[in-house]
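First the structure, in the form of structure tokens, and then the observations on it.
The values are calculated or read from the model by the stated rules, or taken from the named source; none is laboratory data. Since the model is a prediction, treat every value here as computed from it, not as a measurement. Glycine also receives a Cβ, built like all others from the backbone with ideal geometry; neighbour counts cover every protein chain displayed. Please note that ligands, DNA and RNA were not included when accessible areas were found on the heavy atoms of the full protein model with its side chains. Shrake-Rupley method; radii C 1.70, N 1.55, O 1.52, S 1.80 Å.
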Amino acid sequence: MNASALAAAPIEIQPSLGQILLAQGEIGESDLNKALTFQSSVGGLLGAILIRIGAVSEDAVLEALSRQLGLGLITNETLPQDPMVYAATLKTSGIDTEWWIDQATLAWTAEDGTLHCISRDPLRPSLQEALLSAFPGKEICWWLVRNRELDMMVELVRRALTSDGFNYDDDVAMLRELAEEAPVVELVSNTLAQAVNENASDIHVEPREHEFDIRYRVDGVLQNRLTLPRSRFDAVASRIKLISGLDIAERRLPQDGRIGMRISGKELDIRVSCLPGVWGESIVMRLLLKEQKDFSLARIGMASDHLETFSKLAQEPYGIILVTGPTGSGKSTTLKATLEHIKDGKRKIITVEDPVEYNVPGVTQVQTKAEIGYTFARALRSILRQDPDVIMIGEIRDVETAQIAVQASLTGHMVFSTLHTNDSLSAFTRLTDMGLEPFLVSSSVREVMAQRLVRKLCPHCRAPHAPAAGIREKCTQLQQQFPDLFATTPQWFGPVGCPKCQNTGYRGRLGIYEVAVLNEELADAVLHQKPHHDLERIARAHGFRDLLEDGLLKAWHGETSVEEVLRVAGQAGIED
């Protein structure tokens, strides 16, 4: 570490932490009053209380503390990674090393002789007095640090000093006690808060033999955020189970739970899945914001021709519109945007979902409960007695649901649903394979749209990047077929990476689509169960393009990279 970059800073109290966070718009008056009331009755640090009640993230608190105290914020990238660097300084202090571990305090000596210290509470007078006594005449530089990074380093130093780890007792009471300890509570809270701040969709907690990893899925790609000693896993897993209503003693069977909580000032619905593995339970948390941003069809990445076609057919009085794609491809978001688009207060709109992911005001939303026999098919029969105009089915999973959807469309209802197929045209084969008669499929389905999500290039660091010859040749062909869409000069860019995008080169996602409208010719081909290549030939004659081609259109306009499009859509049809 560059010692010249670490300058000692005097601790001068500025405006209170609560007032700073208020001024920055990080918290509201009600959050501050609630935290102050809790502090007056129970005690504790105001910042830690605000984090625990979900009012603000740890990063926001640390930035405010840095401004208030004049202390710098040190990150894991800057901290010494060798635990023996800390151990060497602790051993020269004359204080028992167990005291340092109990106080969650570490110190190390820089090349210029400056003593650098990190602690959970660096302002505590007794702590400062102990260090001044242990290192007389030394210049001491205090730093603020994230709790999870401090805890990880303290544990590494403890193991280095004792040359062993320790195993937690399997006793349920012990696990429950560990789950309620402040460091574990803060670690889980901070992990959730950081994930929300980074717009992660999932958190993966994955145990290994000697460590466990915490990874976030950001923009569809898993990124490692933290690696901790395996000895801490049981406490973290028990904490997650405890707050999600799961049995903390059950480790042999899969479990599913949910958490409703407020994190960083946002209301979240968190779905928790535990799966037993060789080294312990793999835990995945799906994060769903209850208050989503305003979605509209115009903002989810549809090209002008797709947007015009889809939005027009969505307003039709009857028929079926299907959105296909794998899990996590944005189908629910597209359907939410569609409902927002057609919602006019004049039609009764009912959805049946498992689970209800987005709350849509003005729409009656029903959640199935398979464990009590309340399936999609059973819910749909009840819905049809509610005089609906529009029905949205979360997913067509079986022939019974498909038959009811078809009957609903043929009796004057507009039906939206999702289906798991690799492309749009395969939806017709999938429905007939389920057991639907081809004439019912061809007469009820109005449109099928397949979609995927590609990462958008970070606007702060993207750089010009010329694609391969095969890509340019493919785009020349597309330019001839879709002159209006490819009218501008191509803007080819590639990812670079900067702090704003976590050095990934990408920030946010947009959809790539293929839209197949059932015109008379295509409906006849579906009726006679023509093979896939015949369906595609007919669709292309009416302006159809596949996922890869729509992705290349987005890359042509500089919204994403060619590499990202090929990663998501494959490269069939590209010669090199």
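Give the percent of DSSP beta bridges with both residues in region 428-514 that are antiparallel, rounded to the nearest 5. Bridges in region 428-514 that DSSP calls antiparallel: roughly 100 percent.
Do the alpha carbons of any pairs in LYS91/LYS138; LYS266/LYS456; LYS290/LYS369 sit beyond 22 Å of each other, and which pairs?
Details: LYS91/LYS138 16 Å; LYS266/LYS456 24 Å; LYS290/LYS369 20 Å.
Distance filter (> 22 Å) returns LYS266/LYS456.
Convex hull volume of the Cα atoms of the chain, normalised per residue: 194 Å³. Is region 242-344 best put as rounded, prolate or oblate by its Cα gyration tensor, with a ≥ b ≥ c the root eigenvalues, rounded for a/c under 1.5, and otherwise prolate when a/b is larger than b/c, oblate when not? Cα axes put region 242-344 in the prolate bin.
Can you work out the FRET efficiency for the pair GLN128 and ALA173, with r the C-beta to C-beta distance and R0 = 41 Å, to the nearest 0.05? With a Förster radius of 41 Å, E is 0.65.
Straight Cα distances below 18 angstrom link LYS312 to the aspartates and glutamates GLU340, ASP344, ASP389, GLU447, GLU514, GLU520, with same-chain residues fewer than 8 positions distant left out. Computed about its Cα centre, the charge dipole of the chain is approximately 880 debye, with only Lys, Arg, Asp and Glu carrying charge at their Cβ.
Distance between the pseudo-spin-label points of ASN76 and HIS532 (7 Å out from Cα toward the beta carbon): 4.2 nm.
Provide the gained length on full extension for the span ASP256 to GLN479, in nm with one decimal, where the gain is 0.36 nm per separating residue minus the Cα-Cα distance. Present the calculation step by step, with values, prior to reporting the outcome.
On the way: separation 223, 0.36 × 223 = 80.28 nm, distance 4.89 nm.
The ASP256-GLN479 span can extend by a further 75.4 nm.
Taking the protein heavy atoms of the chain in the context of the full set of protein chains, the accessible area attributed to carbon and sulfur is 49 percent at 1.4 Å. The modelled label-to-label distance between GLN571 and THR429, using points 7 Å beyond Cα along the C-beta direction, is 2.5 nm.
Can you give the extra length, in nm with one decimal, that the chain gains between VAL496 and ASN422 once fully stretched, where that is 0.36 nm per residue apart less the Cα-Cα distance? Write out the running numbers ahead of the final one.
Values: separation 74, 0.36 × 74 = 26.64 nm, distance 3.06 nm.
Between VAL496 and ASN422, full extension yields 23.6 nm more.
With both residues required to sit in the chain, DSSP beta bridges show an antiparallel share near 65%.
Take every pair of alpha-carbon atoms less than 8 Å apart whose residues are at least six positions apart; their mean separation over the length of the chain yields a relative contact order of 9 percent.
Using the Cβ-Cβ distance between GLU520 and ALA463 with R0 = 41 Å, the FRET efficiency computed as 1/(1 + (r/R0)^6) comes to roughly 0.30. Accessible surface calculations at 1.4 Å, restricted to protein heavy atoms, place region 469-576 at 50 Å² per residue. Of the beta bridges in region 315-403, as assigned by DSSP with both residues counted there, near 10 percent are antiparallel. Only helical runs count toward this figure. For the chain, summing -39,500 (n - 2.57) over DSSP H runs of n ≥ 4 and dividing by all residues gives -11500 deg cm²/dmol at 222 nm.
Let me check against my output: what whole-number percent is the relative contact order of region 1-140, with C-alpha pairs under 8 Å and at least 6 apart? Spell out each step's value before the answer.
Values: 120 pairs, mean separation 30.9, N = 140.
Reported as a whole number, the value is 22 percent.
Would you mind checking the tilt of helix 469-481 against the longest principal axis of the Cα atoms of the chain, expressed as 0 to 90 degrees and rounded to 10? So the helix axis and the longest Cα principal axis differ by about 40 degrees.
Rank these by accessible area, largest first, 1.4 Å probe: SER40, SER93, SER296. Intermediate results must be reported in sequence, preceding the final value.
Numbers: SER40 95, SER93 10, SER296 40 Å².
Most to least solvent-accessible, the answer reads SER40, SER296, SER93.
Measuring nothing but how far apart in sequence close Cα pairs (under 8 Å, 6+ apart) lie, relative to its length, region 106-167 scores a relative contact order of 33 percent. Unpaired Cys in the chain, meaning no second Cys C-beta under 4.7 Å: CYS117, CYS141, CYS274, CYS475. Say a paramagnetic label sat at a point 7 Å from the Cα of TYR374, along Cα to Cβ; which residues of region 399-436 have their backbone N under 18 Å from it? Once the point is set 7 Å along Cα→Cβ of TYR374, nothing inside region 399-436 turns out to lie under 18 Å by backbone N. Note on region 110-129 and region 492-533: Cα centroid distance 54 Å, given to the nearest whole angstrom.
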